[in-house]
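Heads up, the thing below is written out as structure tokens.
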Amino acid sequence: MAAAQRIAGRQSASGGGLFGMTLWGVAAGLLFSGVGLIYIRYGKTTGNTTMMVCGFALLGYSYFMSDTFYIVLAGAGLSALPHIADKF
């Protein structure tokens, strides 16, 4: 059971890692923070405020989550939000 939780990135906050996060959680946070920086730069050059707001959200949301699944889920949602908002 503990091995399955470790693979899925669902360790408890006292289970080690950086601030209760697994290595995969830290890697996902860094990946989506990089996407956030790209969104901020693109939004600034084009004047797209939705892209900039999602970029700032991508930079900071992973500090408030420790579960890898939720980090990836929220990151994917915030990454897709400006593209979905442009359609409507």
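Taking the range 32-72 as the range and being within 18 Å of residue 20 (Cα to Cα) and not polar (S, T, N, Q) as the test, the residues that pass are 60, 61, 63, 64, 65, 67, 69, 70, 71, 72. A search for C-beta distances below 6 Å between a residue of the range 73-87 that is surrounded by 13 or more Cβ atoms within 10 Å (Cβ to Cβ) and any residue that is among the aromatic types (Phe, Trp, Tyr), counting only pairs 6+ apart in sequence or on different chains, returns 74/61; 75/32. Applying the condition of being in contact (Cβ under 8 Å) with a residue 40 or more places away in the chain and of a type in the set (Ser, Thr, Tyr) to the range 22-61 and asking which residue is surrounded by the fewest Cβ atoms within 10 Å (Cβ to Cβ) yields 22.
Here, each number is a calculation from the coordinates, and none is a lab measurement. In this text, all values refer to a predicted model and were calculated from it rather than measured experimentally. Neighbour counts are summed over all protein chains in view; Cβ atoms, including those assigned to glycine, are modelled from backbone coordinates with ideal geometry.
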